[in-house]
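Okay, structure first, notes after.
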Amino acid sequence: MRRSKTPQQVHVFGPIGEAEPNTTIRCGGDGGDRGGHAFEVFEGRYAVWIGGETGAAGQPYHVLVRRTDVPIDPMTTLAPIPTDLALEHRALKNHYPYFDDDEGLPGWMAAFTQAPDQLFAYPRTAVKDHDTEVAAGEPMLVAWSQPGGKSVLYRFDGSSVSVDTKLVTTERPATLSLPDKFVPRPAASVSAAIGDAGPEDQRAVDAYRKVEHRYDDCYYAYMSKHDPTWGHSGQLYKISGSGKVTNVGDEVSRRASSKCGASKVDAAGVKLIKALSKTRAARYAAHLAAVRARFGL
């Protein structure tokens, strides 16, 4: 079950043909990974009750019944999107329940180029959240909003800012604002760079993985041969005549790293981050151009 302006409750009973006199109704579901209600359902006929708070009679509820292993377009809506939504009812997941804000740039490209005008919000004036500054009139999508409190808004690149709700309007201003160019923040690590890589980066990633795997194979072989604690939970220490205590496993690990070329892996990682930063910047530039075009900029 999906969005309604009132809290949702779901009760499921069944399969009816196999129900015993003391069979209980299942309530609520586990929430699922898209904010809906998920149940382990077997073949048969079920009774389902849908409702909300007291006084919610007559409120519309939008229901989609589907198998969780069947893919669905993240920009699928379950009902026409109203044109007169208040700010707090413009939350993106209210209308696109299968949108995943971890899908990366392609997901945000779809959101900012396909979502209708009635889901956007705009800062009344320039706003700042920590080190992020947003110009007045920048089209933004709503993560959530509290009247009289704070609103969390998505920018065109999928990053978010938290601002005072009083500084946000649903009325499209006469002049919209989007950056002319955008330089994404550099990746903080090799894994972060690979996580944000595109299809065009596969050759560079494969080259790095080859160096990394060669190192790993050498390191594991060396440790297995020379570290008596390898594969065991205990620690082994040696004490010199002067009383110096050395962890044998740590000492062998340092020798293994040197022998197997840890510095080569580090250098390959620096090279990979640099290469992926260039292609990432190009993707962001194309993304920004598409979003600007969607708003006629």
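The values are calculated or read from the model by the stated rules, or taken from the named source; none is laboratory data. It should be emphasised that the depicted structure is a prediction, and the values quoted were computed from it without experimental measurement. Cβ atoms come from the backbone with ideal geometry, glycine included; neighbour counts cover every protein chain shown.
The table that follows gives values for the structure above.
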| read-out | value |
| --- | --- |
| Inter-residue pairs, beta-carbon under 6 Å, first crowded, with 16+ Cβ neighbours inside 10 Å and in region 255-277, second among the aromatic types (F, W, Y), 6+ apart | A256/Y219; A256/Y222; C260/Y215; C260/Y219; G261/Y215; V265/Y215; A268/Y208; L272/Y208 |
| Options K264, K225; residue that is farther than 28 Å from D201 by Cα and of a type in the set (K, R) | K225 |
| Among residues of region 213-242, those that are outside any strand (DSSP E or B) and among the basic types (K, R), counted | 2 |
| The listed residue being in contact with a Pro (Cβ under 9 Å, 6 or more places away or on another chain), closer than 30 Å to D164 by Cβ and either among the basic types (K, R) or modelled with pLDDT of 90 or more (or both), out of R34, R90 | R34 |
| Every pair of residues 6+ apart whose Cβ atoms lie under 6 Å, when the first sits in region 94-122 and is under 15 Å from V142 (Cα atoms) while the second is in a strand (DSSP E or B) and hydrophobic (A, V, I, L, M, F, W, C) | A121/M140; A121/V142; A121/V168 |
| Number of positions in region 193-206 that are surrounded by 14 or more Cβ atoms within 10 Å (Cβ to Cβ) and within 14 Å of A268 (Cα to Cα) | 4 |
| Single condition A289 does not satisfy, out of (1) in contact (Cβ under 8 Å) with a residue 60 or more places away in the chain; (2) within 30 Å of A174 (Cα to Cα); (3) assigned to a helix (DSSP H, G or I) | (1) |
| Among residues of region 125-149, those that are buried (at least 16 other Cβ atoms within 10 Å of the Cβ) and charged (D, E, K, R), counted | 1 |
